[in-house]
Amino acid sequence: MYNVELAELVWGRRPSGGLSDSVFRRWTQGFVLSQSEATALEQFEGGPCAVIAPVQAYLLKNIMFHSEKPNWRNCTAALAAEELGSERFHTLIQKRTFESVTELKEAVLTQYSTWKNRFGVLLFLYSVILTKGIANIRNEIEDAAEPLIDPVYGHGSQSLINLLLTGYAVLNVWDGDRECSGMKLHGIRNQATIGFLTLMESLRYCKVGTFLKSPKFPIWVLGSETHLTVFFAKEMSLVAPETPWEQARRVFQTYDPEDNGFIPDTLLEDVMRALDLVSEPEYVNIMKNKLDPEGLGIILLGTFLQEFFPEQESTIPESFTVYHYNGLKQSNHNEKVMYVEGTAVVMGFEDPMVRTDDTPVKRCLQTKWPYIELMWNTDRSPSLN
């Protein structure tokens, strides 16, 4: 039976003529593993990355951190299947309810071929929505009229991305709730399992909170203007709790949005108060003179850290192996969906000794690690689009 409420939540109120065939067709694909990279999902057209990228991220988490198999890049392949139109598809889908997680797991495994077929991605998405509850999702979305998938361009909304990453369909990426003109705007409730970083932050359109920037596992979905990819590593120290030194550097940098490596001395009291340091005006003035003996009116990040947090440093290793995933064939070298491997170096506040190219991937990662440098094992840097 056609579930109007479900379809409208996903696609919006149906315009005359129904859902665009081209948009629906772009979303009709299964979870198909690359023939070139056994654990990487392929995306055939633009749009379904809003589901595929989060699923890929959780797949990587499970095989890298919860699997006993030594080779996490080894798995079995799959293929897509039959074709149906939007009306026919929505008429044929059926809902099944399970009483326990064990029952659900058994059903998922016995219907493995269903997830590989032409509608696997949509069936998975609808299953998530029905499990969460349509009413619950509508309550979390700020604009109830805003669909999870744009009916014109076919892109997944931030609410959909957040739903799949955190279990909550909130629109915003900051931590907790905020008041704005008398309205309560909902953000991320707690530390995410999988992280999220976006190029939009480097362009000053938004600010991702710590709950998404510092997830439980070193895996981040990366957002560009139109696409989602995945950046990941096996280095768990990347998501270890902040040391006092790291917290101090992060707080200092929030008062240095241009990443100049210094702040005006007028902001020193604010930084010290934010870090629960002694911030009485008399003491702050003493520290201004000590940190800025030449009276230049600026406080250097390095000098500040050396004064208040000596003998401390970041827990992140000097260099570590990283990987990038993009599910679109045309965005991969030789049109083969494969993880791009590289080496990352997270520099300190001093001038980096190595400067790599300024790419969208790097600008996206700099929203978390301002001084990160990336050296990829391929001739060209991986693409965010």
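Report relative contact order for the chain in percent, whole number only (criteria: Cα-Cα under 8 Å, sequence separation at least 6).
Details: 658 pairs, mean separation 63.1, N = 385.
Over the chain, the number comes to 16 percent.
Using the C-alpha gyration tensor of region 92-141, what are the square roots of 5 times its eigenvalues, in whole angstrom, with the largest one first?
Taking √(5λ) for each eigenvalue gives 21, 15, 8 Å, largest first.
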Positive dipole terminus of the chain, leading residue within Trp27, Asn190, His90 (C-beta point charges): His90
Cα-based helix-to-principal-axis angle, 244-254 vs the chain, degrees rounded to 10: 80
Over 30 Å (Cα to Cα) - which of Lys213/Lys329; Lys132/Lys336; Lys216/Lys288 fall in this group: Lys132/Lys336; Lys216/Lys288
Taking only Cα atoms of region 176-225, radius of gyration then Dmax in Å: 12.1, 37
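Can you compute the equivalent ellipsoid semi-axes for region 232-299, i.e. the square root of 5 times each eigenvalue of the Cα gyration tensor, sorted largest first and rounded to whole Å?
Values: eigenvalues 154, 40, 17 Å².
Over the Cα atoms of region 232-299, the ellipsoid semi-axes are 28, 14, 9 Å.
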Computed label-point distance, nm, for sites Thr193 and Glu45 using a 7 Å Cα→Cβ extension: 3.1
Electrostatic dipole magnitude of the chain [Cβ: Lys, Arg +1; Asp, Glu -1; Cα centre; debye, to 20]: 1700
Carbon plus sulfur fraction of accessible area for region 250-320, probe 1.4 Å, in percent: 48
Relative frequency of Cα-Cα separations exceeding 22 Å in region 144-261, percent: 40
Separation in nanometres of the label points that stand 7 Å from Cα toward Cβ, at Glu294 and Lys69: 5.8
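Counting only heavy atoms of the protein chains, get the accessible area per residue of the chain (1.4 Å probe) and round it to a whole Å² value.
Details: 19690 Å² over 385 residues.
Here the per-residue accessible area is 51 Å².
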Kirkwood Rh and Cα Rg combined as Rg over Rh, evaluated for the chain: 1.02
Modelled label reach - Leu203, point 7 Å along Cα→Cβ, region 365-385 residues with backbone N closer than 14 Å: 384-385
Sites matching GluC sites (Glu not before Pro) across region 125-195 that sit in DSSP coil, with at most 15 neighbouring C-beta atoms within 10 Å: Glu142
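For region 245-352, how big is Rg over Rh, using alpha carbon atoms and the Kirkwood form of Rh?
Details: Rg = 19.5 Å, Rh = 16.4 Å.
On the Cα set of region 245-352, Rg over Rh gives 1.19.
State the percentage of accessible surface on region 129-168 attributable to carbon and sulfur atoms; use a 1.4 Å probe and exclude ligands, DNA and RNA.
Numbers: 890 of 1730 Å².
Accessible surface attributable to carbon and sulfur in region 129-168 totals 51 percent.
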Theoretical ellipticity at 222 nm over the chain - DSSP helices of four or more residues, -39500 (n - 2.57) apiece, nearest 500: -9500 deg cm²/dmol
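Go through region 82-155 and name the trypsin sites (Lys or Arg not before Pro) that are in a DSSP coil and have 13 or fewer other Cβ atoms within 10 Å of their Cβ. It would help to have the intermediate numbers written out before the result.
Values: sites: Arg88, Lys95, Arg96, Lys105, Lys116, Arg118, Lys132, Arg138; in loops: Lys95, Arg96, Arg118.
Passing sites in region 82-155 are Lys95, Arg96.
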Estimated inter-spin distance, Val108 and Glu258, nm [label 7 Å along Cα→Cβ]: 4.9
Point-charge dipole on Cβ atoms (K/R +1, D/E -1) for region 132-193, about Cα centre, debye to 20: 180
Extreme residue, positive dipole direction of region 90-194, given options Thr110, Cys180, Leu165 (C-beta unit charges): Thr110
For region 59-163, the Rg and Dmax computed from alpha carbons only, in angstrom: 16.4, 47
Candidates per trypsin sites (Lys or Arg not before Pro) in region 189-237, loop by DSSP, up to 16 other Cβ within 10 Å: Arg189, Arg204, Lys207, Lys216, Lys234
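The values are calculated or read from the model by the stated rules, or taken from the named source; none is laboratory data. This one's a predicted model, so the numbers in the text were calculated from it and none came from an experiment. Cβ: placed from backbone, ideal geometry, glycine included. Neighbour counts: every protein chain shown. Keep in mind that these areas ignore ligands, DNA and RNA; they rest on the heavy atoms of the full protein, side chains included. Shrake-Rupley method; radii C 1.70, N 1.55, O 1.52, S 1.80 Å.
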